[in-house]
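The values are calculated or read from the model by the stated rules, or taken from the named source; none is laboratory data. Since the model is a prediction, treat every value here as computed from it, not as a measurement. Cβ sites come from the backbone with ideal geometry, for glycine too, and all protein chains shown count toward neighbours. With ligands, DNA and RNA removed, areas are computed over all heavy atoms of the protein, side chains included. Shrake-Rupley method; radii C 1.70, N 1.55, O 1.52, S 1.80 Å.
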Amino acid sequence: MIRPNWQDAAVLTLVVGAVYANSISGSFHYDDFHSLVLNPHIRLLENMPTFFVDPGMFSVDTEKTMYRPLLLVSYALNYAWGGYGVAGYHAFNIAVHMLCVFFIWRLAAEWSRSAALCAGLVFALHPVATEPVNYISSRSESMAVAFVLAALVLDRRCDAVGRLGGPLCFAAALLVKSMAIVLPGLLVLRVWWLDRERLDLRRLLSYLGVAVVYIMVIVTNRFLGDSLAKA
């Protein structure tokens, strides 16, 4: 993997800032209201520990219960910082998107500096990213992806930071949105494609352990059962 070029990082930062600067004045929409604007639970930082045990804290609408505690934590921190001033929420979304861009850039450095910059620019400018950046509630996608990408970056390290940091990022991703459960499969595909001689299924045990614990949690707090009943 090549060393990061901070001139390229500056280019990526400027591009994201220029493209999404006009989103700062955007308003709340759709799910923002039941899970954020009208949700009294996110207005007190003291409620944050309860986010991790009670899916009912997600929304004022009992039909839209979700287990996304770290997403609620981000709302609570935003509210503590600036109330319902929408600029702070959009600034957070842009910052998370920027993190995703940096992680993509870092992962693509497996090939070359030009590949890394190109991949970063494609992700930064791709229209599919406009919803999770501009739509406040959709930050769940960006946050989950950021943690998944961080785990992919850390997994390339052979030291204690990589062995511990990767599974922790996986756990954080799951606590934002359950779609992150695909990470162990992505790790197998990445190693099989890029570096087959490093394929060590024992390294996946910590990730599989995190996935098992997460499933046990959402079964215990009834989130999984209630979600399946609504399907």
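Toward the positive end of the charge dipole of the chain, with +1 on the Cβ of Lys and Arg and -1 on the Cβ of Asp and Glu, the farthest Cα among N134, G225, C118 is that of C118. Note that the range 165-175 has calculated 3J(HN,Hα) couplings of x, x, x, 5, 5, 4, 4, 4, 4, 5, 7 Hz, one per residue in order, obtained from phi through the Karplus relation 6.51 cos²θ - 1.76 cosθ + 1.60 (θ = phi - 60°); glycine and proline are x. Take every pair of alpha-carbon atoms less than 8 Å apart whose residues are at least six positions apart; their mean separation over the length of the chain yields a relative contact order of 19 percent. Among 6-16, 28-38, sorting by the average number of other beta carbon atoms lying within 10 angstrom of each residue, highest first, gives 28-38, 6-16.
Can you give me the % of accessible surface on the chain that is carbon or sulfur? Probe 1.4 Å, all protein chains present, nothing else counted. Result for the chain: 70 percent of the exposed heavy-atom area is carbon or sulfur. Sorting 55-67, 155-167 by average packing, meaning the other beta carbons within 10 Å per residue, from highest down gives 55-67, 155-167. A Förster radius of 22 Å combined with the Cβ-Cβ distance from N5 to W193 puts the calculated FRET efficiency at roughly 0.35.
If R0 equals 22 Å, the separation of the Cβ atoms of T130 and D54 corresponds to a calculated FRET efficiency of about 0.10. Averaging the sequence gap over all C-alpha pairs within less than 8 Å and six or more residues apart, then dividing by the number of residues, gives the range 105-144 a relative contact order of 22 percent. Dipole orientation for the range 16-126: of the candidates L99, W81, H29, L99 has the Cα lying most toward the positive pole (charges on Cβ; Lys, Arg +1; Asp, Glu -1). With R₀ set to 22 Å, the beta-carbon distance separating V37 from W81 gives a calculated FRET efficiency near 0.90. Length gained on full extension, A18 to V212: 65.7 nm, using 0.36 nm per residue less the C-alpha separation. If the segment from R202 to S25 were pulled out straight at 0.36 nm per residue, it would be longer than the present Cα-Cα gap by 58.9 nm.
Ligands, DNA and RNA are left out, and with a 1.4 angstrom probe the accessible area of the range 1-99 is 51 Å² per residue.
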